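Participant: Sending over a structure as structure tokens; questions will come in a sec.
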Amino acid sequence: MTDTRSSSWFQRFLLPGFAFKAVVIGGGYATGRELAEFFLPSGPWGGLAGMLLAMAIWSVVCAITFVLARSAQLFDYRAFFKQLLGKFAVLFELSYFLYVTLILSVFGAAAGAVGAAIFGWPQLYGTLCLMLGIALFTAFGNASVERLFKWVSIFLYVVYGLFLILGLTHFGSGIVAHFAVPAASHGWAMGGVTYAAYNIIGAVVILPVVRHMRSNRDAVTAGLLAGPLAMLPAIIFFVCMCAFYPNIVGETLPSDFMLRQLHLPAFHLAFELMIFAALLESGTGSVHAVNERIAAAWRSSRAAELPKLARFVIAAALLAGSIFLAARFGLVTLIARGYRILAYTMLVLYVLPLATLGVWQLWRRRGGAPGETGIVQSTSGVDS
């Protein structure tokens, strides 16, 4: 078992939620594009219901994932899915490669749009800045990535808090008016399930942080907190977006549209920088998971740590292919088409097996069946 005696309260309970939020927030969430795509079509109340449903799904799946990972000491996605799916784990490996390519393309497109909005740059410049940042942070391993999650999360929550205050003071009447008028709320459940499904992969992307948990009670608590920590900024953003419903649905960058309505250049700049930071932590988390998967195999075969240069090169190789997709298709097309396919894939390869095989594995080992090792009691909350 990993030595967790030096793990802090923050590392055990809040860091997993911050890390999960880091992977989830990405290009579409931070810019509002995902919220416009999956929730606003159901109207203000329907969209809010869909978001709460997605949040609940995240919490439950994260809790089960963290317990299974901690119990069996599975700190990278390859080890986790080898335990969950056996010989079929290769299917997730292939899906995750496609996922990383897709989300890095989305992040690259969003970074290009942010650079163009702030500085008037060509789209490629913002994309390249993001890619360089991701490669540098992932090169230095877990400590570097976790520090990024911590400080970007603090910056992000502060900016979203200010955004809510400014939104309520500048166009609060529009928000109240749209929530006061009954509107069609069809499709909110499907929107919530779809959004939760393709983002839930974040729970296995951040498995390295599970090493800080001292007990399965820690794992359950951290998992249940992960949903609200990840969804709170989105709910704040969504409420403000409703002031401009339904016209804002068609905006490529809803965030930029709303910031222009505030007429506050300094805050506009701060928010755009926050979006870039969110893209940076999301991309870093996804690429770091690949590095950790390769690092585990490297340690097993060579009894040594994966060199920093190798981590940088792996990240650069993943990022290079995504630049083409970002330039070729754009943010709206990537989110509308690619994410829905990814959602169904994650339901089949992750959520359903976890809710059946994963729960069964934990329950079977709860009683300490003879000949079974590697997983301790899943609900006791007692350190192993």
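Participant: Extending each Cα 7 Å along its Cβ direction at W363 and R5, get the distance between those two points in nm, one decimal.
Facilitator: 3.7
Participant: Then there is this: Percent of alpha carbon pairs in the stretch 11-100 separated by more than 17 Å?
Facilitator: That tail contains 63 percent of the Cα-Cα pairs.
Participant: Computed from the mean reciprocal separation of all distinct C-alpha pairs, what Kirkwood hydrodynamic radius does the stretch 123-252 have, in Å?
Facilitator: Computed over the stretch 123-252, the radius equals 18.1 Å.
Participant: Report the gain in length on full extension from W121 to L91: 0.36 nm times residue separation, minus Cα-Cα distance, nm rounded to one decimal.
Facilitator: Result for the pair: 6.9 nm of gain on full extension.
Participant: A follow-up question, please. Report Rg/Rh for the chain, rounded to two decimals, where Rg is the Cα radius of gyration and Rh the Kirkwood radius. The partial results should precede the final answer.
Facilitator: Details: Rg = 20.4 Å, Rh = 21.0 Å.
Result: Rg/Rh = 0.97.
Participant: Binning at 5 angstrom from zero up to the longest distance, how are the C-alpha pair distances of the stretch 217-269 distributed in percent?
Facilitator: Spelled out bin by bin, the stretch 217-269 gives 4, 17, 19, 18, 13, 9, 8, 7, 4, 0 percent.
Participant: Next question, about the same structure. Volume per residue, Å³, of the convex hull around the alpha-carbon atoms of the stretch 70-115?
Facilitator: Output value, Cα hull per residue: 71 Å³.
Participant: Same structure again: Report T194's accessible area, 1.4 Å probe, all protein chains in place, as a number in Å² to the nearest 10.
Facilitator: We get 0 Å² for T194.
Participant: Right, something else. Run lengths n ≥ 4 of DSSP H only: what is the helix-derived mean residue ellipticity at 222 nm for the chain, with -39500 (n - 2.57) per run over all residues, to the nearest 500? The partial results should precede the final answer.
Facilitator: Details: 15 runs with 277 residues, N = 384.
The helix-only estimate for the chain comes to -24500 deg cm²/dmol at 222 nm.
Participant: Rounded to two decimals, what ratio of Rg to Rh does the stretch 79-159 give with C-alpha atoms and a Kirkwood Rh?
Facilitator: On the way: Rg = 16.5 Å, Rh = 15.1 Å.
So for the stretch 79-159, dividing Rg by the Kirkwood Rh gives 1.09.
Participant: For the stretch 131-207, what are the per-bin percents of Cα-Cα distances with bins 10 Å wide, up to the bin holding the maximum?
Facilitator: That works out to 14, 22, 33, 22, 8, 0, in percent per bin.
Participant: Can you pull the percent of the chain's accessible area that's carbon plus sulfur, 1.4 Å probe, other chains left in place?
Facilitator: Its accessible area is 69 percent carbon and sulfur atoms.
Participant: Could I ask something else about it? Taking R0 as 22 Å, what's the FRET efficiency between V313 and F140 from their Cβ-Cβ distance, rounded to 0.05?
Facilitator: 0.95
Participant: Counting alpha carbon pairs within less than 8 Å and at least 6 residues apart, what relative contact order, in whole percent, applies to the chain?
Facilitator: Over the chain, the number comes to 38 percent.
Participant: Probe 1.4 Å, all protein chains in place: accessible area of E146 in Å², nearest 10?
Facilitator: The accessible area comes out at roughly 20 Å².
Participant: Using a 1.4 Å probe, what is the accessible area per residue for the chain, in Å²?
Facilitator: So the chain comes to 40 Å² accessible per residue, rounded to a whole number.
The values are calculated or read from the model by the stated rules, or taken from the named source; none is laboratory data. Model, not experiment: these values are computed from the prediction. A quick note on method: Cβ atoms are made from the backbone with ideal geometry, for glycine too, and the neighbour counts reach across all protein chains shown. Keep in mind that these areas ignore ligands, DNA and RNA; they rest on the heavy atoms of the full protein, side chains included. Shrake-Rupley method; radii C 1.70, N 1.55, O 1.52, S 1.80 Å.
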